[in-house]
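Report on the following structure.
The values are calculated or read from the model by the stated rules, or taken from the named source; none is laboratory data. No experiment lies behind these values; they were computed from the predicted model shown. All Cβ positions, glycine included, derive from the backbone under ideal geometry; neighbour counts span all protein chains shown. For accessibility, only protein heavy atoms count, side chains too; no ligands or nucleic acids. Shrake-Rupley method; radii C 1.70, N 1.55, O 1.52, S 1.80 Å.
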Amino acid sequence: MKRVIRTCVSCGIKREKTELIRFVYSDEPQEDAKGNRQGRGAYVCDNEKCREIGLNRKKLTRSLLSNQLRRTR
């Protein structure tokens with residue numbers, strides 16, 4: 001089976017998709033627990049430190065909004 005690799009927007013470490021938590025943007029970053037919500041996603045490691053960095057330093061918001069800007073160009 002093919003391994004799907006994603007990068008954590010907080011720490012930059014590449015991991016399998018199943019080891020990360022997906023967030024989508026709808027007014028603010030929201031966790032996508034099932035991984036089936038529509039829209040661009042950004043991934044964060046499944047630990048408190050990376051979640052905190054992603055949300056408090058707005059790395060998730062920047063990543064998700066930059067994806068939306070690229071799509072509209």
Gaussian network model of the chain, Cα within-10 Å springs - most flexible of ILE53, ILE13, ILE21: ILE13
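On the accessible surface of the chain, probed at 1.4 Å, how many percent belong to carbon and sulfur atoms?
44 percent
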Where the chain is the region considered: accessible area per residue in Å², 1.4 Å probe: 76 Å²
Order by protection proxy (mean Cβ within 10 Å, highest first), peptides 35-41, 6-12: 6-12, 35-41
LEU65 paired with LYS2, simple spin-label distance in nm, labels 7 Å along Cα-to-beta-carbon: 3.3 nm
Inter-probe distance in nm under a simple model that places probes 7 Å from Cα toward Cβ, at ASP27 and ASP46: 2.9 nm
Calculated Rg and Dmax of the chain using C-alpha coordinates, Å: 11.8, 36
